[in-house]
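Have a look at the structure below before the remarks.
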Amino acid sequence: MAPAPPLVMATATAVALVLLLSCVAVVAKECTNVPTQLSSHTVRARLQSTPGAEEWRWRELFHDHLNPTDESAWMDLLPLAAAAAGSAAATEEFDWAMLYRTLKGGVGSSAARAGAPPSSSFLVEASLHDVRLDPGDEVYGRAQQTNLEYLLLLDVDRLVWSFRRQAGLPAPGVPYGGWEGAVVELRGHFVGHYLSAAAKMWASTHNGTLAGKMSAVVDALHACQQAPANGGAGYLSAFPAEFFDRFEAIQPVWAPYYTIHKIMQGLLDQYTVAGNGKALAMVVAMAGYFGERVRSVIQRHSIERHWTSLNEETGGMNDVLYQLYAITNDQRHLVLAHLFDKPCFLGLLAVQADSLSDFHANTHIPIVVGGQMRYEVTGDPLYKEIATFFMDVVNSSHTYATGGTSVSEFWFDPKRLAETLTTENEESCTTYNMLKVSRHLFRWTKEIAYADYYERALINGVLSIQRGRDPGVMIYMLPQGPGKSKAVSYHGWGTQYDSFWCCYGTGIESFSKLGDSIYFEEKGGKPALYIVQYIPSTFNWRSVGLTVTQQVKPLSSSDQNLQVSLSISAKTNGQYVTVNVRIPSWASPNGAKATLNDKDLQMASPGTFLSVTKQWGSGDRLTLQLPIGLRTEAIKDDRPEYATLQAVLFGPFLLAGLTTGDWDAKAGGAAVSEWITPVPASYNSQLVTLTQESGNGTLVLSLLSTAKATSLTMQPHPEGGGTDAAVHATFRLVPQGQVAPPTGERRHATNGTAATATLASALIEPFDMPGMAVSNNLTLAAEKGPSSLFNVVPGLDRAPGSVSLELAARPGCFLITAGAKANVQVGCGPGFSLQAASFARAEPLRRYHPISFAARGARRSFLLEPLFTLRDEFYTVYFNVGA
């Protein structure tokens, strides 16, 4: 979401706009992100200088991709020819009369859809009402539950406060803060997202409390729309209509149509997903109101004036209006949708020009999504070509290893991503919308590449934005610079009630519809099912009377295979249907295996579907064994000096190194398995946090390491486990065997007695540096010789369960502390505090994720864990593997 003016970053780039497939006409138009910063080299200037010629060029421009209905409407929207014919006022009246005659029935809906592809040619997503995620799943099930908890926390009166205030109705309570604040121009956008998210979450869970909340929001908004202050004309917003006066006058205002899109989409989802008929009537009324506003702008000024205003962010207005048209068959909705197809941007894509640089990403991705919906409802092939080219360009030139795109909300030079790694990468909204693009393309084409992309972006881009199990704590950007943290960026983590950024809205939607892209149906005489994501879930395939239950064995870094089991049961005699299961491109063909009822099947190649056609019945079981492994992937930068900058992936999971900026790996051209090794699950049993009590609370032994120095210190006990402080306060005590009890010089000179307990010799390995150890001189060592051994002895303070750490190479010398944030030192002989040399063994503040790896670096080792599991830790996702 672009920030409020004048803070928005604007780039005015002159581009050539051509939309004819036959390319017989070219019109120059500046396509920007801020309408108030256009130069004089606009279409308006050209029209004023040579109106007759340019008008006909515009007619030619759109002729080849208008359907029979909206073509005549478009032609009647051009006032210049009317002016040439005589009285401007009289002719404009005639033009609009012609327009409305066309809209009200001059051409029927069958003609409008004459070019549309048959519905059976597209896959149909399984209804969220029929998909249930496994509530015990620690990834998707947990993410869905965390989001549900947040939706239930939100208060109806606070959500609709600004709508009621704008409508002149009593507004109990207080409004929320952040971008929903009472004076923020974007207020109301999150409420639209809430309606969409609530509808989809209710469909996914049928939670009764949520159903009541979302119905109450719709009822409250309906009362606002009907209030006398809104004149009964269909207007509904949390801000006054004066915002649109400024928008139409090309004056600064913060994206009012962006918010209107969210409200309309939320209401439409309440109708299509949750079955609320009142919501549909409200959307239709809003479309009528804004259709009249757009008509007035074109009548009073020109169609180019309207297009100029589209350089402000308008969200997916074209998308929601095309969806509305698919329901109502009202030609006015079709024409209005096309009026929000930003031609200066879609035109570039139509002629396959990679000119995304300097465009605000999330302003324009929704426009492509709207174009995809136009293809679905009209059959216009140009918009399919636009979406296909757009996806190819973004994926090949502007995408990070997460599957996400954008830096500081913008696209920059293609295949020049190495210099864009920062805290401000991958606006979360862009990932949400790119998933829509890929999902449409998959439904149209059944191409595995789009499903593979969806999997990658969902795992690494969407799951990464939630902060563990904390409801309502999400991020705006996903940092990808070396040594960055999700918690340390321009926005950082949001809060439950005082953020409400654009990415909060798309976030709550994303986690409400995690089940919408697992299963797709192919309708028609030969029904088929496509299973394209590996997410533990159950699908009630109502049309054929089958239930599909998907189980996925939790992965660990030691696993060589992803194991999936599909159990199919029939309510009656099962139908003869085809089940297609995606074999992802990341899977290795070596060792891949599929069985049906324990009998081997001929395995499909990676990047294709395994298809099984049979009469399915209760007890059928299809299993997959998909070899999964490590690989590196170069950043999308075609300059030779950045060829060694690479990310590490385990199947679809992007691995992040827990490091504060040291990104030099020690690959040296070796196979990835030679410098990256799994962290065994058994290591978790050896983890510990060592604590001491002080007057100000509990302190923890911590290792602070930089490129220049390493020090052991005592730090305040961290509040949670997902922090860098928790990482630094966790150690692995690696047993090295037993040693003899202390005698002679190893007596505890401080109290004159000798310890009689058997000692354990151990290495002290930092949690985030597997394979390295703290040496007796308190530095880090990769070699595990005698100088890195410590004897773990009963605490010198004789407290139950306490331990002291004796240097194995220097008997009688112990690690001693000197208080909070002071470096740990070595104390020998009498003279030091027994308490200072004693630690309590506490539960580790951090544990290894099941998917954890140790990577050998040039100067130190790294712990690699899935990016989506990290919270506040500092991490690196791209490594220099040429070191």
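Values quoted throughout were computed directly from the atomic coordinates according to the rules given, and no laboratory measurement underlies them. Nothing here was measured: the structure is a model prediction, and the numbers come from that model. Here the Cβ positions follow ideal geometry from the backbone for every residue, glycine too, while neighbour counts run over all protein chains shown.
Computed values, structure above
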quantity	calculated
Aspartates and glutamates whose Cα lies under 14 Å from that of residue 666, excluding same-chain neighbours fewer than 8 positions away	674
Rg and Dmax of segment 283-402, Cα atoms only, in Å	14.8, 48
Cross-link pairs beyond the 18 Å C-alpha cut-off, checked among 484/636; 571/614; 526/614; 571/599	484/636; 571/599
All lysines inside 21 Å of residue 200 as judged from Cα atoms, apart from same-chain residues fewer than 8 positions distant	213, 262, 278, 436, 513
Label-zone membership for segment 412-454, site residue 352, 7 angstrom Cα→C-beta point, backbone N under 17 Å	none
Placed amide H near residue 822: partners under 5 Å, 5+ positions off or other chain	714
Packing-based order for 722-735, 451-464, 127-140, using average beta carbon neighbours within 10 Å, highest first	451-464, 722-735, 127-140
Estimated vicinal HN-Hα couplings, Hz - segment 235-248 in sequence order (Karplus 6.51, -1.76, 1.60; Gly, Pro = x)	5, 8, 6, 8, 10, x, 5, 4, 4, 6, 4, 5, 4, 6
Calculated FRET value between residue 523 and residue 673, using beta carbons and R₀ = 56 Å, to 0.05	0.80
As computed over segment 523-562, the Cα convex hull volume per residue (Å³)	77
Backbone N under 20 Å from the residue 585 label point (7 Å along Cα→Cβ), restricted to segment 519-534	531-534
Distance (nanometres) between label positions extended 7 Å along Cα→Cβ at residue 447 and residue 841	5.7
Sorted peptide list for 815-823, 352-360, 317-325, criterion being average Cβ within 10 angstrom, highest first	317-325, 352-360, 815-823
